[in-house]
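All remarks here apply to the structure that follows.
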Amino acid sequence: MARSGTPATTAGTAVNNTATINYTVGTVAQPQVTSNTASFLVDKRINLTVAELGGASTVSSPGSVNQVTTFTVTNTTNAVSDFKLVATQDGGGTTAFSDTDDFNANNVRVYVDNGDGIFNAAQDTATFIDELAADASVTVFVVVDIPVGQADQSTAGFTLTATAANPGTAGTLGADTAQTAGADTPGAVDVVFGDGAGDTDAARDGKFSDDDEYDVAAATITFVKTSKVISDPFNLTSNPKAIPGAVMEYCLAVTNSGSVPATGVSFADAIPANTTFLTNSLVGGGSISGGVCDATGAAE
């Protein structure tokens with residue numbers, strides 16, 4: 001029994017073979033006998049891989065748009081193939097880089113790179129892989145928008161799945177490739193799924209998948225305002241009360257408990273009715289104890 005050749009032998013290749021016999025009768029060599037030609041067509045073995053590129057999550061800010069994770073899809077089928085591409089969001093659980101999926105991104109899209117390896121919305125518009133040659137690879141982008149106000153250090157996990165599809169018409173995604181059932185079909189090219197198991201798909205299903213994630217890095221701002229009595233005209237600073245003529249202190253505490261700095265921070269604080277501003281009383285910095293400002297700041 002002979003094998004059909006290396007796994008890379010192109011599907012549909014005709015393999016032809018004949019055999020010969022040499023013999024003698026008595027001491028006289030007889031004419032060589034040649035067999036008929038035995039022929040078969042090499043069948044198609046579907047195989048592919050999907051691999052996350054970069055080895056790290058995509059870190060994004062709340063409200064950012066067109067955030068990109070990057071994959072490669074490789075056609076190790078022994079024939080040209082189309083590939084359908086689908087990005088699905090995790091429904092909780094552990095993500096690609098051992099975080100916990102806890103939110104869904106918006107406006108999920110999948111695009112095929114035009115060849116430069118960099119996502120460009122004006123140029124990378126194909127949504128499926130068209131007529132990919134055997135042993136060739138292509139870059140694929142998953143593109144999302146991060147919700148406004150998304151919490152710091154939250155994570156959205158994703159899986160990209162590529163499914164083998166029938167080639168044949170350039171610019172058109174073919175139907176999902178089907179595996180040939182039953183016995184070998186003489187004179188025809190049968191299909192066998194030979195792919196491995198991906199992140200979320202099983203072995204020999206004509207698909208392959210890998211995962212990635214988006215991590216949110218945000219400034220988390222809290223803003224607390226309190227007031228207390230400093231003095232009044234009768235008690236002075238000894239147990240003062242908020243009576244007319246009293247001096248009141250407002251304390252504004254701004255805290256960033258997020259993982260990145262907040263820039264361009266500004267605030268407004270109008271002088272309330274029935275009060276007047278005490279000149280040169282604005283103090284910056286300082287500390288807070290029990291929700292009350294300490295007199296440790298510096299005059300502005």
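The values are calculated or read from the model by the stated rules, or taken from the named source; none is laboratory data. These figures come from a predicted structure and were not determined experimentally. When we count neighbours, we look across all protein chains shown, and the Cβ atoms used for this are built from the backbone with ideal geometry, even at glycine. Heads up: the accessible areas ignore ligands, DNA and RNA and are worked out on the full protein's heavy atoms, side chains in. Shrake-Rupley method; radii C 1.70, N 1.55, O 1.52, S 1.80 Å.
Beyond 16 Å, how much of the Cα-Cα pair distribution for segment 45-154 remains, as a whole percent? That tail contains 63 percent of the Cα-Cα pairs. Scoring 85-94, 270-279 by mean Cβ neighbours within 10 Å over their residues and listing the highest first yields 85-94, 270-279.
The order of SER98, SER231 by accessible area, most exposed first and with a 1.4 Å probe, is SER98, SER231. Potential lengthening of the chain between GLN153 and ALA262 amounts to 37.7 nm, from the contour at 0.36 nm per residue minus the alpha-carbon distance. Farthest toward the positive end of the dipole of segment 1-118, out of THR95, PHE40, GLN30, is the Cα of GLN30, where the dipole comes from beta carbon charges about the Cα centre. Placing +1 on the Cβ of every Lys and Arg and -1 on the Cβ of every Asp and Glu, with no other charges, gives the chain a dipole of roughly 60 debye about its Cα centre. Simple spin-label estimate for THR169 and ASP184 gives 3.3 nm between the two label positions (7 Å along the Cα-to-Cβ direction from each Cα).
Note the count of lysine pairs whose C-alpha atoms are less than 29 angstrom apart in the chain, limited to pairs 8 or more residues apart or on different chains.
Numbers: LYS44/LYS84; LYS44/LYS207; LYS84/LYS207; LYS225/LYS241; LYS228/LYS241.
Summing the qualifying lysine pairs gives 5.
Computed in the context of the full set of protein chains, the accessible area of the chain at 1.4 Å probe radius has 54% of its extent on carbon or sulfur. Quick one: if the Förster radius is 22 Å, what FRET efficiency do PHE223 and ALA273 give, using the C-beta to C-beta distance and rounding to 0.05? Once the sixth-power term is evaluated, E becomes 0.55. One decimal place: the segment ASN16-VAL68 gains 13.8 nm when fully extended, by the rule 0.36 nm per residue minus the C-alpha distance.
Per residue, the accessible area of segment 112-240 comes to 49 Å², computed with a 1.4 Å probe over protein heavy atoms only.
What order, most packed first, do the peptides 261-269, 122-130 have when packing is the mean number of other Cβ atoms within 10 Å of each residue? Intermediate values should be presented prior to the final figure.
On the way: 261-269: 7.3, 122-130: 16.0.
Per-residue Cβ counts within 10 Å, averaged per peptide and sorted highest first, yield 122-130, 261-269.
Take each peptide in 24-34, 158-168, count the other Cβ atoms within 10 Å of every residue, and average; sorted highest first, the result is 158-168, 24-34. Measuring how big segment 123-198 is from its alpha-carbon positions, Rg and Dmax come out at 18.3, 62 Å.
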